[in-house]
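First up is the structure itself, then whatever we jot down about it.
The values are calculated or read from the model by the stated rules, or taken from the named source; none is laboratory data. This structure is a prediction, so every number in the text was calculated from the model and none was measured. No Cβ is skipped: glycine too gets one built from the backbone with ideal geometry, and neighbour counts run over all protein chains shown.
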């Protein structure tokens, strides 16, 4: 990219200044239209150390009302101390509808620094490039306007700027070891930037700015931003087409074919429960020590016994090392972002366990059936979810998904019991009864979901829960087995 | 406290087990009532390393629905790396109405460790004890049920437990250097715990549990929790009485007496603006290097020119080092917590500047006048806010508060202009017109606010803004002067 770029000659300062003023005025008007059109904008500003990314952002935001933007500067933590997946902090920063996020360097710098430091392997670097492409496509398909800029300066210019910053006591802190290292390794960085931009130019194209001419770079960036917003305002919110990448899938039975008769007697239940909980408790220590993140996903019919099942799994765990996330309808600030945002931001740190009581699969169940998203949205979600979960297992997470299953008669019996038992009444709402009416539609949606998202890396398990005790033992067994396997494989993985 | 405590004799295991079972059942029923009564609960569990805090929490939560509680384990960062005020992470953890937060050690351990490590002075330690008392009172007065437990074990017992944990590969990570240090310094810790508990026992009393008898400790903790919740359910949500501590105040003029005639001519404005912005830009570097946090608070009449004023202050700042927080009506998860929570959680890190576009003073203006809180609530708020701001300046923050002031005629002219200019129409709403009707009531409330909260450490400045340009220059001058002073005094402060 950089190689093929043709630099402009010197420009008339006054002309550039006038152009900036004009674009700034346009931007001033656009912010209100953005808000009305509820379009979210991400401006990624990558580039060399001391190329002027910060002062470029300063100019871009100078006339924007602070209610409409935020500036985020992600930090690059050494891989050994990194507690979250690669994309975590970038996803976390995405704006709400109608607002703009400026990223002062982002996923390109993050991936490249770790690769050039030999903190991640070439394979992992490639995986991150793939994740970036998936992330950018998911943003675009979810209606985000994304502008990607790279501020370029030559090696000599960088030298001069770093030297100047280092000379003053009050600016020397701006030059850190990473910057000096980048300067020494300018050539390797150049190749890496080129390679990265080449591989991530299809979904959302890169734009290169000439950092050696500050005013022209500001003008160019403003022009691109104004055009990006204009295009968004003209074409309206983009909704991506459904598509299907081939993921290695595990074949699942249809719900109707699941035998729900298994039971367990009380004595056996108590003995097994104790044994499995003791094992899980011991495993939690190992998980913590080996820093393996664990994500347990619960979905199931209303009154299937999710809550009690989760409590039996949580009981032996150290409360300092796990979280349960009950997922209800999204809050306004969640609803106004890409639908996976509220799950990304709830991910556990390495070595921690988190349990989702309902999950991102709401997209292809309730949101699909209640019309909370468009057909394209939920049809696209199968693949997006598979990508999301692959990013998690690539990171090293154990991802297990449980469909807690009962039949309609059992549900009716439990609903009636809840209705008639004062302490349980809070658990039953009119909505539960309404959902029950839609059992056939839900069953169809769930069958499709199980068929399309039970990947080898993040499989579904249908848990027969007409007998809740049987269901708890079965879930615990699956968890214990998976965690044992993960602890065993951890060493191999580290050597990979 | 610990000295005077009388330990119980050995108890019949089966009796204790039966009691636990009964309390657990009661708790199961209470969670729903808590939710209906919208009462938030904080259970602070302090105690010796290896005293069994974690397993105690495990028992307490075992039957509670995960939707109703969360467990938080604050970390104790070395003071030199601490980027937020002392109470920050504890305030951050407070639950929403109807929910329970279990704190696995909290503000006592945090304060004591730093003091015994000589990371903070005795004076600072005392200040933190005062802050804790204020925080606990604010929680209580804001309707929180707070239960404070200390799990005690003798030195010999601690030795045995630490030894046992260290023996297994899978549990040795549970014993860290702090734990070993605490064991060696058992006597100093004992004195410090005693002293701290003595000094923080008035607002919310401490309860000491015998950690050497695990089951009895669980039973005692459950009993206390059940009783605390019962009391809350019986007496209803507590609303604290107004009170006034004497803060050193700066006398403020009444708004009606402020001369709004000052203006600035255009040439002078441009020259001064450039000069002040350059100074501010340079100061931002020093602020960053010296790690001084800066909090700028904007309040003012609608259309007084807050937005444009803020933009002129923000323009020279490095976008990586400041945030603007526009404050609108609270979101549901904010409304369901103590009203200062949403401001605590938006505080800047050390070395960063944050600008609040509207602030916590909404409590004594719009919330007072629109009846969004009770009379007691807003009357109590003056003192609570003074305490909050003192915690900020104790931390080393520069806190400046601006009332951007105009007269009614100027507001009318600007409203009319907004209404008639298409690009400005989004800035004017029906609510603005409605608020305008209430000018006299607002003026009375603002006069009271200025009189009661212009403390020496966090003063108010009334900014004459009939001429917006004059207002901008005046604000910039105040900021520049205050930051210069803070940078100068920083060294003295460090030596304190």
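Could you please find all residues in the range B:304-327 being touching a residue at least 40 places away in the same chain (Cβ under 8 Å) and more than 8 Å from chain A (Cβ to nearest Cβ)?
B:304, B:305, B:306, B:308, B:309, B:312, B:313
Applying the selection to the range B:413-428, what residues are under 37 Å from the mean Cα position of the chain (by Cα) and away from chain A (no Cβ under 14 Å)?
Result: B:414, B:415.
Quick grid of which residues meet (1) in contact (Cβ under 8 Å) with a residue 40 or more places away in the chain; (2) assigned by TED's automatic domain parsing to the domain that holds residue A:36; (3) surrounded by 21 or more Cβ atoms within 10 Å (Cβ to Cβ):
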position	(1), (2), (3)
A:112	yes, yes, yes
A:117	no, yes, no
A:127	yes, yes, no
A:131	yes, yes, yes
A:135	yes, yes, yes
A:154	yes, yes, no
A:162	yes, yes, no
A:175	yes, yes, no
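Taking the conditions exactly as written (at pLDDT 95 or above and either out of contact with any helix residue (DSSP H, G or I) (no Cβ under 8 Å at 6 or more places or on another chain) or surrounded by 14 or more Cβ atoms within 10 Å (Cβ to Cβ) (or both)), does residue A:146 satisfy them or not?
So residue A:146 fits the description; yes.
What number of residues in the range A:227-259 are without any contact (Cβ under 8 Å) to a residue 60 or more places away in the chain and farther than 25 Å from residue A:379 by Cα?
The number of residues fulfilling the criteria is 2.
Only one of A:291, A:306 is crowded, with 18+ Cβ neighbours inside 10 Å, more than 30 Å from residue A:97 (Cα to Cα) and assigned by TED's automatic domain parsing to the domain that holds residue A:431; which?
It is A:306.
List the number of the failed condition for residue A:299; all other conditions in (1) out of contact with any strand residue (DSSP E or B) (no Cβ under 9 Å at 6 or more places or on another chain); (2) crowded, with 17+ Cβ neighbours inside 10 Å; (3) more than 10 Å from chain B (Cβ to nearest Cβ) hold.
(1)
Here is a list of conditions, (1) within 13 Å of another protein chain (Cβ to nearest Cβ); (2) in a loop (DSSP other than H, G, I, E, B); (3) modelled with pLDDT of 95 or more, and residue B:75 meets all of them except one; can you say which number that is?
Going through (1) within 13 Å of another protein chain (Cβ to nearest Cβ); (2) in a loop (DSSP other than H, G, I, E, B); (3) modelled with pLDDT of 95 or more one by one, residue B:75 breaks only (3).
Is at least one residue of the range B:372-392 in contact with a helix residue (DSSP H, G or I) (Cβ under 9 Å, 6 or more places away or on another chain), buried (at least 22 other Cβ atoms within 10 Å of the Cβ), away from chain A (no Cβ under 12 Å) and on the phi > 0 side of the Ramachandran plot?
Scanning the range B:372-392, I find no residue that is in contact with a helix residue (DSSP H, G or I) (Cβ under 9 Å, 6 or more places away or on another chain), buried (at least 22 other Cβ atoms within 10 Å of the Cβ), away from chain A (no Cβ under 12 Å) and on the phi > 0 side of the Ramachandran plot, so the answer is no.
Among the residues of the range A:328-351, is any within 10 Å of chain B (Cβ to nearest Cβ) and crowded, with 20+ Cβ neighbours inside 10 Å?
No, the range A:328-351 contains no residue that is within 10 Å of chain B (Cβ to nearest Cβ) and crowded, with 20+ Cβ neighbours inside 10 Å.
Grab the strands (runs of 3 or more DSSP E) fully contained in the range B:293-388, keeping just those with 2 or more residues being modelled with pLDDT of 95 or more.
Where strands (runs of 3 or more DSSP E) fall fully within the range B:293-388 and carry at least 2 residues being modelled with pLDDT of 95 or more, they are B:294-300, B:353-357.
If you go through the range A:465-492, how many residues are farther than 15 Å from residue A:397 by Cα and out of contact with any strand residue (DSSP E or B) (no Cβ under 6 Å at 6 or more places or on another chain)? Write out each step before concluding.
First, pick out the residues of the range A:465-492 that are farther than 15 Å from residue A:397 by Cα: A:465-478.
Right, trim to out of contact with any strand residue (DSSP E or B) (no Cβ under 6 Å at 6 or more places or on another chain) and you get A:466-470, A:472-473, A:476-477.
Residues in the range A:465-492 being farther than 15 Å from residue A:397 by Cα and out of contact with any strand residue (DSSP E or B) (no Cβ under 6 Å at 6 or more places or on another chain): 9 in total.
Scan the range A:267-277 and give yes if some residue there is facing chain B (nearest Cβ under 9 Å) and either touching a helix residue (DSSP H, G or I) at 6+ places or on another chain (Cβ under 6 Å) or not in a helix (DSSP H, G or I) (or both), otherwise no. Write out each step before concluding.
Of the residues in the range A:267-277, the ones facing chain B (nearest Cβ under 9 Å) are none.
No, because not a single residue in the range A:267-277 is facing chain B (nearest Cβ under 9 Å) and either touching a helix residue (DSSP H, G or I) at 6+ places or on another chain (Cβ under 6 Å) or not in a helix (DSSP H, G or I) (or both).
Report yes if some residue within the range A:38-61 is modelled with pLDDT under 90 and within 13 Å of another protein chain (Cβ to nearest Cβ); otherwise report no. Let's see the steps before the verdict.
From the range A:38-61, those modelled with pLDDT under 90 are none; that's our starting set.
The answer is no, given that none of the residues of the range A:38-61 is modelled with pLDDT under 90 and within 13 Å of another protein chain (Cβ to nearest Cβ).
Which condition does residue A:83 not pass, out of (1) touching a residue at least 12 places away in the same chain (Cβ under 8 Å); (2) within 16 Å of the chain's Cα centre (by Cα); (3) more than 30 Å from residue B:310 (Cα to Cα); (4) more than 14 Å from chain B (Cβ to nearest Cβ), if it passes all the others?
Result: residue A:83 fails condition (4) only.
Only residues that are closer than 15 Å to residue B:322 by Cα and out of contact with any strand residue (DSSP E or B) (no Cβ under 8 Å at 6 or more places or on another chain): list them for the range B:302-312, please.
Hits for the range B:302-312 are B:311, B:312.
Do we have any residue at all in the range B:81-99 that's farther than 25 Å from residue A:322 by Cα, assigned to a helix (DSSP H, G or I) and in the same structural domain as residue B:201 (by TED's automatic domain parsing)?
The answer is yes; a qualifying residue exists.
Is it true that residue A:286 is touching a strand residue (DSSP E or B) at 6+ places or on another chain (Cβ under 7 Å), closer than 30 Å to residue B:174 by Cα and assigned by TED's automatic domain parsing to the domain that holds residue A:429?
no
Does the range B:429-450 include one or more residues that are closer than 17 Å to residue B:306 by Cα and either outside any helix (DSSP H, G or I) or within 14 Å of chain A (Cβ to nearest Cβ) (or both)?
Yes: one or more hits.
Which residues, taken from the range B:25-53, are more than 21 Å from residue B:143 (Cα to Cα) and part of a helix (DSSP H, G or I)?
Matches in the range B:25-53: B:25, B:26, B:28, B:53.
Look at residue A:401 and say whether it is surrounded by 16 or more Cβ atoms within 10 Å (Cβ to Cβ) and more than 29 Å from residue A:134 (Cα to Cα).
Here the answer is no, as residue A:401 does not meet what is asked.
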